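S.K.: Please read through the structure below; I'll follow up with questions.
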Amino acid sequence: MARNLARSTTRHTAQHDPGGGTGSGSPARRTARAVVVGTATALALTACTAFDGGGSGNGSGGTTDDGASGDAPAGGTGTVVLVTHDSFALSEELIARFEADTGLTLEQRAPGDGGALVNQLILTRDAPLGDVVFGIDNSFASRAIDEGVLEPYSSPAAGEDVARYAVDDEGHLTAIDVGDVCINVDREWFAEAGLPEPETLEDLTDPQYRDLLVVTNPATSSPGLAFLLATVGAFGEDGWVDYWAALRDNGVKVAGGWSDAYYVDFTGPSSEGTDRPLVLSYASSPPYEVPEGVTDPADAPTRALLDTCFRQVEYAGVLAGAANPEGARQVIDWLLSPEVQADIPGSMYVYPVDSSVELPESWATFAPPAPEPFEVDPAAITENRDAWIQTWTNTVLG
């Protein structure tokens, strides 16, 4: 995922560009209007299972590609390099504890958003950027596997929740978190403008919403590709191109990456935009914008349009040719640990894959998942992804 509002409070205090686009966001925070209400300290407040995963993400064992036991490797030493997107964030305490428990030093490298990340892994497969990757999502997963940049590994910490999002039978990728990519609305802007808020994908083509929407480029942004897939799922092979042509004619703006779209163009409370009150983000984005003390969802300054969503799954995997493959496996085990899974909502603002994790109380009110996100068959994504992106580019950008 990537996406991805408020995946950490760091994202809101530093220049940032997870989309691999042409510029970095430099948002002016309006802290008087909005504060983080879904931090890790709220995790113990209320149990709220967002996705019915059929059990905890922890438990069942597995085997490696050579048939050996999938038990957690021991004796890791030196540095393990995690290649990820710019949106990766976990608490400093968790990282320090991982290093103390394993004797490893965790180094992070972030070459871009999900799409740019996979591209970089392919370009550098003969001299890998690191040992383990996090942030490949279900729209790019098959490409990473087909290009041979991953080694299979089945973590002993991977249970039924992880299994339900498996990309293949060999274990090239391990699901870590889940998020719904959706259009978000600046409700305050619409109230002040006296316009009704849109609800559906079709509404976004209505002339009353001309020049109000900003999305991200599916060629460089994993949320952008997820939204492209949502339109394929909604309108089918025969209708999605016409839909994007209608969006183009209605003045849709395309940003290179998520942070430019959300922080530079969007009019929401934590952003500096002035004229784009509709933005591509996540169903779990609105809690970040809620002022302290607000408990009624009707009073939230933003909301996600749950009829516009595509479910994005983010994965981790061992990189082929890794200098420290055992360290890489330990990182994957760690990402599935109860402590990390519990930290994901407050640090990265997506749902942990482990459905037993207690979520922040505010998420039940302000971040419900989409009840029926649009879907596209994984085999169809594998077969058509590049062609769809090229057709989108020709249609929307010319």
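The values are calculated or read from the model by the stated rules, or taken from the named source; none is laboratory data. For clarity, every value in this text was computed on a predicted model and none was experimentally measured. FYI the Cβ positions are ideal-geometry reconstructions off the backbone, even for glycines, and counts take in every protein chain you see.
S.K.: Is it true that some residue in the stretch 284-302 is in the same structural domain as LEU195 (by TED's automatic domain parsing), crowded, with 24+ Cβ neighbours inside 10 Å, farther than 16 Å from GLY135 by Cα and acidic (Asp, Glu)?
M.R.: yes
S.K.: Looking only at the stretch 226-259, filter to residues that are within 11 Å of LEU280 (Cβ to Cβ) and part of a helix (DSSP H, G or I); which one of those is modelled with the lowest pLDDT?
M.R.: Only one residue fits best here, namely TRP258.
S.K.: Report yes if ALA163 is within 21 Å of the chain's Cα centre (by Cα), surrounded by 20 or more Cβ atoms within 10 Å (Cβ to Cβ) and within 30 Å of PRO368 (Cβ to Cβ), otherwise no.
M.R.: For ALA163, the condition - within 21 Å of the chain's Cα centre (by Cα), surrounded by 20 or more Cβ atoms within 10 Å (Cβ to Cβ) and within 30 Å of PRO368 (Cβ to Cβ) - is not met.
S.K.: Further, regarding this structure: Within the stretch 210-225, take every residue that is among the hydroxyl-bearing types (Ser, Thr, Tyr) and not in a helix (DSSP H, G or I) and give me the one that is surrounded by the fewest Cβ atoms within 10 Å (Cβ to Cβ).
M.R.: Residue satisfying both the conditions and the ranking: THR220.
S.K.: Return yes when ASP52 is buried (at least 21 other Cβ atoms within 10 Å of the Cβ) and either modelled with pLDDT of 85 or more or under 24 Å from the mean Cα position of the chain (by Cα) (or both) and no when it is not.
M.R.: No: the conditions fail for ASP52.
S.K.: Okay, next question. Select from the stretch 262-283 the residues that are farther than 11 Å from ASP186 by Cβ, surrounded by 24 or more Cβ atoms within 10 Å (Cβ to Cβ) and touching an Asp or Glu at 6+ places or on another chain (Cβ under 7 Å) and list them in ascending order.
M.R.: TYR263, TYR282, ALA283
S.K.: Any residue at all in the stretch 337-346 that is of a type in the set (A, V, I, L, M, F, W, C), more than 21 Å from SER221 (Cβ to Cβ) and assigned by TED's automatic domain parsing to the domain that holds ALA89?
M.R.: Yes - at least one qualifying residue is present in the stretch 337-346.
S.K.: If we keep just the residues of the stretch 102-134 that are small (Gly, Ala, Ser) and in contact with a strand residue (DSSP E or B) (Cβ under 6 Å, 6 or more places away or on another chain), which is surrounded by the fewest Cβ atoms within 10 Å (Cβ to Cβ)?
M.R.: GLY130
S.K.: May I pose another question? Could you figure out which of (1) modelled with pLDDT under 95; (2) loosely packed, with under 14 Cβ neighbours inside 10 Å isn't true of THR63?
M.R.: The single condition THR63 does not satisfy is (2).
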